[in-house]
1. If I ask for residues that are away from the ligand (no atom under 15 Å from the Cβ) and part of a loop (DSSP other than H, G, I, E, B), which ones from the stretch 251-266 would you list?
2. Consider the stretch 112-157. How many of its residues are within 14 Å of the ligand (Cβ to nearest atom), at pLDDT below 95 and either not β-branched (Val, Ile, Thr) or not in a helix (DSSP H, G or I) (or both)?
3. Do you know which residues across the stretch 58-111 are within 13 Å of the ligand (Cβ to nearest atom) and assigned to a loop (DSSP other than H, G, I, E, B)?
4. What's the number of the condition His248 fails, among (1) more than 16 Å from the ligand (Cβ to nearest atom); (2) touching a residue at least 12 places away in the same chain (Cβ under 8 Å); (3) open to solvent by 10 Å² or more (accessible area, probe 1.4 Å); (4) not in a helix (DSSP H, G or I)?
5. What are the pairs, 6+ residues apart or on separate chains, where a residue within the stretch 324-345 that is under 16 Å from Thr287 (Cβ atoms) has its Cβ under 7 Å from a residue that is modelled with pLDDT under 95 and surrounded by 15 or more Cβ atoms within 10 Å (Cβ to Cβ)?
6. Among (1) closer than 24 Å to Gly269 by Cβ; (2) surrounded by 15 or more Cβ atoms within 10 Å (Cβ to Cβ); (3) of a type outside the set (Lys, Arg), where does Asp191 come up short?
7. Please enumerate the residues belonging to the stretch 196-221 that are out of contact with any Gly (no Cβ under 8 Å at 6 or more places or on another chain) and within 16 Å of the ligand (Cβ to nearest atom).
8. Answer yes if at least one residue in the stretch 322-331 is closer than 30 Å to Leu53 by Cβ and buried (at least 20 other Cβ atoms within 10 Å of the Cβ), and no otherwise.
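The values are calculated or read from the model by the stated rules, or taken from the named source; none is laboratory data. Quick caveat, the model's predicted, so the values are computed rather than measured. Every residue, glycine among them, receives a Cβ derived from its backbone with ideal geometry; neighbour counts consider all protein chains shown. Ligands, DNA and RNA are stripped out before the accessible areas are found, and what is left, the full protein with its side chains, is counted by its heavy atoms. Shrake-Rupley method; radii C 1.70, N 1.55, O 1.52, S 1.80 Å.
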Amino acid sequence: MKDFLAGFSNLETPFYFYDLSILDETISAIRQANRYGYHIHYALKANNNPRILERIRKAGFGVDCVSGNEIRIGLENDFDASHVVLAGVGKTDKEIQYAIDQNIFSFNVESIQELEVINEIATKKGKVANVSIRINPAIDAGTHHYITTGAKENKFGISEDELFGALVQIQAMTNIHFIGLHYHIGSQIMDLGRFKNLAVRVNDIQQKLVAKGVELPHLNVGGGLGIDYENPDENPVPDFETYFKTFHENLELLPGQELHFELGRSVVGQCGSLISRALYVKEGSDTNFLIIDAGMNDLMRPALYQAQHKVISLSGRSEEKKYDVVGPVCESSDTFGKGLMLPETKRGDFLVIRSAGAYGETMKNTYNARELAKPYYSEDF
Ligand SMILES: *Cc1c(COP(=O)(O)O)cnc(C)c1O
């Protein structure tokens, strides 16, 4: 980051900075590790900047969308509709109509009622919609409870019992084509054993389906692979080798069955940083408040789910001091870190909040009527 510092001096802070070499390195690591020919649909909600999407599309990935507008963004950025999947517990009729009109690859359906609505809308249009049914596998992802999605109490997907209870009804629907099962158990999963547990559950459900004579051409195991928020610069690329291998070794695919993934955070998380300047220092006896010009409106994750991003001070001083690094927004949750040991930092010094490439800009907002932080890219410096 120090290499780019000279170029930063004229820019208004806070802003997002993307190191595209990290993105490229990550994308090639994914391509290298995916030697099994699995399909990857990038989860657009992690980051939808055109410059980033362009690199992801060129790598041959599709997109995973959670709204009609995300489908539109994907198509505007030249992703092919045949590589688009649409998830979400609350798809509106308008979004369903749009997705059918665009001939997306598949709906990831989250309830039986939604399936009926898709069937109805497709019938009116004289079309057949591809659907995968999202199963809630009732397993623990071992991550923060706000980003767990595959446990029994979560709103996502339908249970195994419901699937088997509705199987006859599903097979009778004339304008849907039931092509697969979909799973997504949560996000920022660091324990790869959780994915092994998922694979075992998927096998189990698949065997029961096969016993009923149902063989589906596709399986989708979602995303959720975590990144190292503590050591982003030592460990910028997640362990995709072990990740894909875990599925390769544990998942029993039917002959010809295709496997799909929906990676978001692990693709773009480490290439982005939020760059800020120190505004004020309030010295205290126990800790010092370092008030910076980036706030929870620029990066919501710490306030939203107590996420810890590494904060780096570029002050260049050697003496360390203890700081609570806080933003300017009128909320006590607007805090980036408590009791952090940082080089002594003064008004005007730059701070880097690392690992902000995923769920950073896509969640930014104007709360307190603040400006939206702009993106900048390493190749322009
Ligand atoms: C958000 C989301 C993803 C991506 O999750 P990551 O943790 O960013 O990999 C994948 N699938 C679905 C259905 C999602 O909602």
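1. Filtering the stretch 251-266 down to residues away from the ligand (no atom under 15 Å from the Cβ) leaves 251-258.
Within the stretch 251-266, Leu251, Glu252, Leu253, Leu254, Pro255, Gly256, Gln257 meet the criteria.
2. So the count comes out to 14.
3. Phe61, Val66, Ser67, Ala87, Gly88, Val89, Gly90, Lys91, Glu110
4. The number of the failed condition is (4).
5. Asp324/Thr287; Gly339/Thr287
6. (2)
7. As a first pass, look at the stretch 196-221 and keep what is out of contact with any Gly (no Cβ under 8 Å at 6 or more places or on another chain): 196-197, 199-215, 221.
Correct list: Val202, Val221.
8. Residues of the stretch 322-331 that are closer than 30 Å to Leu53 by Cβ, as a first pass: 327, 329.
If we keep only those that are buried (at least 20 other Cβ atoms within 10 Å of the Cβ) too, we end up with 327.
Yes, the conditions are met somewhere in the stretch 322-331.
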